[in-house]
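Only the coordinates and a few stated rules stand behind these numbers; no lab work does. Values in this document were obtained by computation on a predicted structure and should not be read as measured data. No Cβ is skipped: glycine too gets one built from the backbone with ideal geometry, and neighbour counts run over all protein chains shown.
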Amino acid sequence: MDWKGNLLNKWTNNVSQHLSEINNLRNANSINEIVIMNFINTIPKKIVKSGNVLRVFMMHLARPLEVPILDRFAILTYDVVTGQNISLLINRTNFISYHYLDYRDYILKLQNQTGSSIREIDRAFWVYGKHIL
């Protein structure tokens, strides 16, 4: 268990070093796809060395109403409902660059069509993806 404590301390120190950049994003009036990609491909990489899910999660924490969470169950559901086949690619380094914005656009489109929150859609995708896996 000691490795978890060491890893948590390392992440905490790394987050502290980049807190002003995270807060700048959090406090921005609006964001667009360029801002999302610049953040996801820079700041989280300085905090954790790998992990597309963690990189998107950090962005989600800063902008929860605009950036849906990414996880394997949600991507699996996305594959089923859109006919895509990207769930096998989630751990590849270029996944975020090539697929996350399409996923985000789809979730935002669903939000507009249904009136549901991003959180409600994310939860539904997670539950369905877990069920079919």
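When the residues of segment 106-133 are filtered to those that are among the aliphatic types (A, V, I, L, M) and either buried (at least 17 other Cβ atoms within 10 Å of the Cβ) or over 14 Å from the mean Cα position of the chain (by Cα) (or both), the one that is farthest from residue 84 (Cα to Cα) is 118. Counting the residues of segment 11-54 that are over 23 Å from residue 73 (Cα atoms), touching a residue at least 24 places away in the same chain (Cβ under 8 Å) and assigned to a loop (DSSP other than H, G, I, E, B) gives 2.
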